[in-house]
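Since the structure comes first, as structure tokens, the remarks are kept for the end.
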Amino acid sequence: MRIGVMVGGYGSRIPLAGYVEIARDLESREIDTMWVPHVFGHDAINLASLLGRETDRIELGTAVVPTYPRHPTALAQQALTAGAACGGRFTLGIGLSHPSVIEQMLGLSYARRAKHMREYMAVLNPLLRGEPTKFEGEEYRVAMTVEVPDAQPVPILIAALGDHMLAIAGREAAGTILWTTGFGAIERHIVPKLNGYAKEAGRPDPRIVAGMHIVLTSNADSANERMNKMLEQYQMMPSYRSMIEIEGSLAPSSFAIIGDEKSLDAGLGRLRNIGVTDFNANILDFEEGSRARTLDYLESRR
């Protein structure tokens, strides 16, 4: 199982120079992937392009870029440029986002989500392969080619939780990238369905990236209490709420890996055993030195 680290996100306030420093540090530790969220700060794809020019080996991925605000042809150009800048080390994570963002903040429709993603992929996939693309759908009508002379393959991961999105991810993408999905839901819902759809389509085993909070601490009770407060907000988002219902619990132990090295080993081992291919670590800084200790731990387990 590959080990990746999430860097940035809402409220992180990391300047560009800080991202470069972190990317170089993660690469020196031989961390497999640096995942960059796309929220209300830096553009994740532009940032990956920059970091690709400042590093040599580490994979750079987005976790995740919302599709509704971006025409698939524009996203294809961005992604191919990032792939070239990263020398083939760029992975494009995309997702629908949430009604609170798409409808309330941006004033766009969040309707017909599965149809939207199917049409989006029908345009994006061939463009990323450099193929002439002609598509006539309800949402997109495209007839064009994107020509990037130094293009590299750009795998797509779709943030897929529900059955329809898992079908699209399994049949048309390289896999899925998850967030706030518990161990049980991953094992009973995500892995078997995604693998089944990929097999039906004759595709390789999909990549399954599990994004979870993690912290190495000797005070697990305090960390779990803080995690409880963090998890409350996810009950307000329908897609995450459905995963909580499948999990059957909102206990922090279901959605995060918290505790001493033995506890962290058990959590990573369970993810590996249930079929997760990549762990995307969102390192919690709950106490002084916890981020540094957790990062050292992940380096030792890569």
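The values are calculated or read from the model by the stated rules, or taken from the named source; none is laboratory data. Owing to the predicted nature of the structure, the values given are computational and were not obtained by experimental measurement. Every residue, glycine as well, gets a Cβ built from its backbone with ideal geometry; the counts of neighbours run over all protein chains shown.
Looking at (1) of a type in the set (A, V, I, L, M, F, W, C); (2) crowded, with 16+ Cβ neighbours inside 10 Å; (3) without any contact (Cβ under 8 Å) to a residue 40 or more places away in the chain, can you tell me which one residue 111 breaks?
Of (1) of a type in the set (A, V, I, L, M, F, W, C); (2) crowded, with 16+ Cβ neighbours inside 10 Å; (3) without any contact (Cβ under 8 Å) to a residue 40 or more places away in the chain, only one is false for residue 111: (2).
If you take the residues of segment 133-149 that are not in a strand (DSSP E or B) and not acidic (Asp, Glu), which of them is surrounded by the most Cβ atoms within 10 Å (Cβ to Cβ)?
So in segment 133-149, the residues not in a strand (DSSP E or B) come out as 137-140, 145-149.
After this cut, where a residue has to be not acidic (Asp, Glu) as well, the list is 137, 140, 145-146, 148-149.
Values: 137: 14, 140: 16, 145: 13, 146: 20, 148: 17, 149: 6.
Per the criteria, the residue is 146.
So, restricting to helices (runs of 4 or more DSSP H) that lie completely within segment 182-282, which ones have at least 1 residues that are surrounded by fewer than 16 Cβ atoms within 10 Å (Cβ to Cβ) and among the charged types (D, E, K, R)?
Values: elements: 191-200, 220-232, 238-247, 252-255, 261-273.
Qualifying helices (runs of 4 or more DSSP H): 191-200, 220-232, 238-247, 261-273.
Considering only segment 223-267, how many residues are in contact with a Ser or Thr (Cβ under 8 Å, 6 or more places away or on another chain) and charged (D, E, K, R)?
2
Residues of segment 78-111 being modelled with pLDDT under 95 and farther than 16 Å from residue 159 by Cα, which ones?
First, pick out the residues of segment 78-111 that are modelled with pLDDT under 95: 97-111.
Matches in segment 78-111: 100, 103, 104, 105, 106, 107, 108, 109, 111.
Restricting to segment 54-99, name every residue that is among the hydrophobic types (A, V, I, L, M, F, W, C) and either free of Cβ contacts under 8 Å to residues at least 60 places away in the same chain or farther than 19 Å from residue 174 by Cβ (or both).
Within segment 54-99, the subset among the hydrophobic types (A, V, I, L, M, F, W, C) is 58, 60, 63-65, 74-76, 79-80, 82, 84-86, 90, 92, 94, 96.
Of everything in segment 54-99, those that are among the hydrophobic types (A, V, I, L, M, F, W, C) and either free of Cβ contacts under 8 Å to residues at least 60 places away in the same chain or farther than 19 Å from residue 174 by Cβ (or both) turn out to be 58, 60, 65, 74, 75, 85.
Yes or no: segment 213-231 includes at least one residue that is charged (D, E, K, R) and under 22 Å from the mean Cα position of the chain (by Cα). Write out each step before concluding.
Taking segment 213-231 as the starting set, the residues that turn out to be charged (D, E, K, R) are 221, 225-226, 229.
Next cut, under 22 Å from the mean Cα position of the chain (by Cα) only: none.
There is no residue in segment 213-231 that is charged (D, E, K, R) and under 22 Å from the mean Cα position of the chain (by Cα).
Kindly list, by first and then second residue, each pair from a residue in segment 1-27 that is farther than 15 Å from residue 291 by Cβ and touching a residue at least 24 places away in the same chain (Cβ under 8 Å) to a residue that is part of a helix (DSSP H, G or I) and basic (Lys, Arg), limited to pairs with Cβ atoms under 6 Å and residues at least 6 apart or on different chains.
Partner pairs satisfying both residue conditions: 1/272.
Please go through segment 66-87 and give me each residue that is in contact with a helix residue (DSSP H, G or I) (Cβ under 6 Å, 6 or more places away or on another chain) and within 26 Å of residue 99 (Cα to Cα), ordered by number.
Those that are in contact with a helix residue (DSSP H, G or I) (Cβ under 6 Å, 6 or more places away or on another chain) and within 26 Å of residue 99 (Cα to Cα): 67, 68, 72, 76, 78.
Return the residue satisfying two criteria in turn: it lies in segment 28-48 and is closer than 16 Å to residue 155 by Cα and touching a residue at least 40 places away in the same chain (Cβ under 8 Å), and of such residues it is surrounded by the most Cβ atoms within 10 Å (Cβ to Cβ).
Quick first cut of segment 28-48, residues closer than 16 Å to residue 155 by Cα only: 32-36, 44-45, 48.
Filter once more, keeping what is touching a residue at least 40 places away in the same chain (Cβ under 8 Å): 32-33, 35, 45, 48.
Details: 32: 19, 33: 23, 35: 27, 45: 24, 48: 32.
Out of the qualifying residues, it is 48.
Does residue 291 meet the test of being out of contact with any helix residue (DSSP H, G or I) (no Cβ under 6 Å at 6 or more places or on another chain) and in a helix (DSSP H, G or I)? Can you show your working first?
Details: out of contact with any helix residue (DSSP H, G or I) (no Cβ under 6 Å at 6 or more places or on another chain): yes; in a helix (DSSP H, G or I): yes.
Taking the combined requirement at face value, the residue satisfies it.
Using the structure shown, decide if residue 226 is among the basic types (Lys, Arg), under 17 Å from residue 4 (Cα atoms) and touching a residue at least 60 places away in the same chain (Cβ under 8 Å).
Values: among the basic types (Lys, Arg): yes; under 17 Å from residue 4 (Cα atoms): no; touching a residue at least 60 places away in the same chain (Cβ under 8 Å): yes.
Considered against the rule, which asks whether it is among the basic types (Lys, Arg), under 17 Å from residue 4 (Cα atoms) and touching a residue at least 60 places away in the same chain (Cβ under 8 Å), residue 226 comes out as no.
For segment 76-99, which residues satisfy the criterion of being hydroxyl-bearing (Ser, Thr, Tyr), more than 19 Å from the chain's Cα centre (by Cα) and within 25 Å of residue 138 (Cβ to Cβ)?
Step one: filter segment 76-99 for residues hydroxyl-bearing (Ser, Thr, Tyr), giving 81, 91, 97.
The next check asks that each one be more than 19 Å from the chain's Cα centre (by Cα); those that pass are 81.
Passing the criteria: none in range.
Take the conditions among the hydrophobic types (A, V, I, L, M, F, W, C) and touching a helix residue (DSSP H, G or I) at 6+ places or on another chain (Cβ under 9 Å) and apply them to residue 143. Does it pass? Give the derivation first.
Numbers: among the hydrophobic types (A, V, I, L, M, F, W, C): yes; touching a helix residue (DSSP H, G or I) at 6+ places or on another chain (Cβ under 9 Å): no.
Here the answer is no, as residue 143 does not meet what is asked.
If you scan segment 244-261, which residues turn out to be in contact with a helix residue (DSSP H, G or I) (Cβ under 6 Å, 6 or more places away or on another chain) and modelled with pLDDT under 90?
250, 252
With the requirement that a residue be in contact with a Ser or Thr (Cβ under 6 Å, 6 or more places away or on another chain), surrounded by 20 or more Cβ atoms within 10 Å (Cβ to Cβ) and not aliphatic (A, V, I, L, M), what does segment 117-132 give you?
120
On the given criteria, is residue 261 in contact (Cβ under 8 Å) with a residue 40 or more places away in the chain, of a type in the set (Asp, Glu) and either under 30 Å from residue 164 (Cα atoms) or in contact with a Pro (Cβ under 8 Å, 6 or more places away or on another chain) (or both)?
Values: in contact (Cβ under 8 Å) with a residue 40 or more places away in the chain: yes; of a type in the set (Asp, Glu): yes; either under 30 Å from residue 164 (Cα atoms) or in contact with a Pro (Cβ under 8 Å, 6 or more places away or on another chain) (or both): no.
Against the criterion (in contact (Cβ under 8 Å) with a residue 40 or more places away in the chain, of a type in the set (Asp, Glu) and either under 30 Å from residue 164 (Cα atoms) or in contact with a Pro (Cβ under 8 Å, 6 or more places away or on another chain) (or both)), residue 261 does not qualify.
Go through segment 209-257 and give me each residue that's touching an Asp or Glu at 6+ places or on another chain (Cβ under 7 Å) and β-branched (Val, Ile, Thr).
Correct list: 209, 217.
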